[in-house]
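A short worksheet on the structure shown next.
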Amino acid sequence: MSIDLQTVKKIASLSRISVTDAEAEAMVPELNNILGWVEQLGEVDVAGAEPMTAVIPNKLRLRDDAVTDGDVRDRVLANAPQAEHGFFAVPKVIE
């Protein structure tokens, strides 16, 4: 697949990027080179290679899911300018 000047202008239009004719002409060989590299990657033999998400083995550090600071509603609501029925009371915004 190769990119021509019309395709570059269409991509720029769809991306809402303004490019001059000179900039679009300069992008044509750059985009064709990028597509060439992608085609080279498609030719690489990856049979037997395991899919991976990172180049180093990462393991999640897990911790116990325990509540450490619960049951403090009254202390939290003490900071509220106004509280009603155990919740923060705020003025009505929508009329």
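The values are calculated or read from the model by the stated rules, or taken from the named source; none is laboratory data. Keep in mind it's a predicted model, so treat the numbers as computed, not measured. Quick reminder, even Gly has a Cβ in these numbers, built from the backbone with ideal geometry, and neighbours come from all protein chains shown.
When Pro57 is tested against (1) modelled with pLDDT of 85 or more; (2) exposed (fewer than 10 other Cβ atoms within 10 Å of the Cβ); (3) assigned to a loop (DSSP other than H, G, I, E, B); (4) not aromatic (Phe, Trp, Tyr), just one condition goes unmet, and that condition is (1).
List the number of the failed condition for Val93; all other conditions in (1) closer than 25 Å to Lys10 by Cβ; (2) modelled with pLDDT under 90 hold. Against the list (1) closer than 25 Å to Lys10 by Cβ; (2) modelled with pLDDT under 90, Val93 comes up short only on (1). Among the candidates Asp74, Asp45, the residue that is loosely packed, with under 10 Cβ neighbours inside 10 Å and outside any loop (DSSP other than H, G, I, E, B) is uniquely Asp74.
Quick one: is Ile11 in a helix (DSSP H, G or I) and among the β-branched types (Val, Ile, Thr)? Spelling it out, Ile11 is indeed in a helix (DSSP H, G or I) and among the β-branched types (Val, Ile, Thr).
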